Amino acid sequence: MELDNQLSLRYRFDKVVTKSYDDILKSCEQLKETVEPDYKIKVSGHHIWLHIGLLHREKHSPHLHLEIEKMEDGNTFIRGLYGPDPVLWTLFMFLHFVVAGLFVIFSMIAFSKWSLDQSFKFDLVVMFAMVNIWFLLYFIARLNRKKGLKQARELEVLMEKIIED
């Protein structure tokens, strides 16, 4: 897969496999027991989550979410999504909302001060800082994604074991 060349922070892919839906779920259950200390596999309905085990997990460790769907011709359609640890993703989203909220608040304050002919330099400085913090958060996320590429490839190998015929 082209994990290195993706611009998005959460790489998505689609795949059609000849293995049946039920066989994929059986493979998951069988593989779950053999890879337990190194990987964690969760199955719920037509969703499969592949995680790095607690012994090898880092703050940048990815997880792989697979959504499997039956097709009319007997094949199985797999929709995959690599992502960071959900706790880390939630923290990053919270920080993004805080930065955006501060930017909006200080832009309104700056507009009010401008309309009242008051000095609004401090508000512009804060707005500029929020834009820089937003870019910093993006580059930190890219760095974490790059650090997790090796483990993402391990999850890809695990996925291939599940879906191979």
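The values are calculated or read from the model by the stated rules, or taken from the named source; none is laboratory data. Nothing here was measured: the structure is a model prediction, and the numbers come from that model. A quick note on method: Cβ atoms are made from the backbone with ideal geometry, for glycine too, and the neighbour counts reach across all protein chains shown. For the accessible areas, the whole protein counts, side chains as well, though only heavy atoms, and no ligand, DNA or RNA atoms are used. Shrake-Rupley method; radii C 1.70, N 1.55, O 1.52, S 1.80 Å.
Just a few scattered comments:
- Tabulated pairs, the stretch 21-37, first over 17 Å from GLU160 (Cβ atoms), second open to solvent by 40 Å² or more (accessible area, probe 1.4 Å) and at pLDDT below 85, C-beta under 7 angstrom, 6+ apart or interchain: PRO37/LEU55
- Condition met for SER119 (among the small types (Gly, Ala, Ser), open to solvent by less than 80 Å² (accessible area, probe 1.4 Å) and touching a helix residue (DSSP H, G or I) at 6+ places or on another chain (Cβ under 9 Å)): no
- Residue within the stretch 90-104 that is under 30 Å from PHE120 (Cβ atoms), under 14 Å from the mean Cα position of the chain (by Cα) and exposed (fewer than 12 other Cβ atoms within 10 Å of the Cβ) present: yes
- Residue-level check: of (1) open to solvent by 90 Å² or more (accessible area, probe 1.4 Å); (2) part of a helix (DSSP H, G or I); (3) more than 30 Å from HIS63 (Cβ to Cβ); (4) of a type outside the set (Lys, Arg), TRP134 misses just (3).
- Scanning the stretch 7-20 for residues being within 19 Å of GLY83 (Cβ to Cβ), among the hydroxyl-bearing types (Ser, Thr, Tyr) and in contact (Cβ under 8 Å) with a residue 60 or more places away in the chain gives a total of 1.
- Of note, VAL98 does not satisfy the criterion of being assigned to a helix (DSSP H, G or I) and at pLDDT below 90.
- Matching option when the condition is surrounded by 15 or more Cβ atoms within 10 Å (Cβ to Cβ), modelled with pLDDT of 90 or more and closer than 30 Å to VAL16 by Cα, among ILE78, ILE109: ILE78
- All of (1) open to solvent by 70 Å² or more (accessible area, probe 1.4 Å); (2) more than 30 Å from SER20 (Cα to Cα) hold for LYS150 with one exception: (2).
- Residue match in the stretch 13-22 (condition: outside any strand (DSSP E or B), basic (Lys, Arg), open to solvent by less than 90 Å² (accessible area, probe 1.4 Å) and modelled with pLDDT under 90): yes
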